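Worksheet for the structure shown next.
The values are calculated or read from the model by the stated rules, or taken from the named source; none is laboratory data. Owing to the predicted nature of the structure, the values given are computational and were not obtained by experimental measurement. As a convention, Cβ positions derive from the backbone with ideal geometry for all residues, glycine included, and neighbour counts pool all protein chains shown.
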Amino acid sequence: MEKIGLPKVLRFLIAFGYRYFFLLTDEAERAVRAWRMRGGELKKFRFGDISRIVLSIFMRSVKRAERIGNVMRMRGLYGENN
């Protein structure tokens, strides 16, 4: 990506997004599986069900991002110079 002239920040975001896309899909599958085990049916998928699943995925993602941020700071990755 460096050869085609993308800025460093954009390259970082693309790589980071690609890496965590698969983690987010796993979280989504886990949330849907848990919803189905609690009695949810795909034929009766309501807006309230979708919002709870999305909120669950969002909260897990925020917690994961906080943990990753803490680890990066502990390793000395503070900003633009790293």
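Numbers at a glance
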| read-out | value |
| --- | --- |
| Residue selected from segment 53-82 under the condition aliphatic (A, V, I, L, M), modelled with pLDDT of 85 or more and more than 23 Å from A34 (Cα to Cα), by the criterion surrounded by the fewest Cβ atoms within 10 Å (Cβ to Cβ) | M74 |
| Output for segment 1-25, where each listed residue is farther than 14 Å from A65 by Cα and either of a type in the set (S, T, Y) or surrounded by 10 or more Cβ atoms within 10 Å (Cβ to Cβ) (or both) | M1, L6, P7, K8, L10, R11, F12, I14, A15, Y18, T25 |
| Any pair with Cβ under 6 angstrom, 6 or more apart, that starts in segment 12-28 at a residue that is within 16 Å of V62 (Cα to Cα) and without any contact (Cβ under 8 Å) to a residue 60 or more places away in the chain and ends at one that is assigned to a helix (DSSP H, G or I) and not basic (K, R) | E27/I57; A28/I57 |
| Members of segment 29-47 found to be assigned to a helix (DSSP H, G or I) and either modelled with pLDDT under 85 or more than 17 Å from the chain's Cα centre (by Cα) (or both), listed by number | A31, V32, R33, A34, W35, R36, M37, L42, K43, K44, F47 |
| Flag for I50 being more than 11 Å from the chain's Cα centre (by Cα), surrounded by 10 or more Cβ atoms within 10 Å (Cβ to Cβ) and assigned to a helix (DSSP H, G or I) | yes |
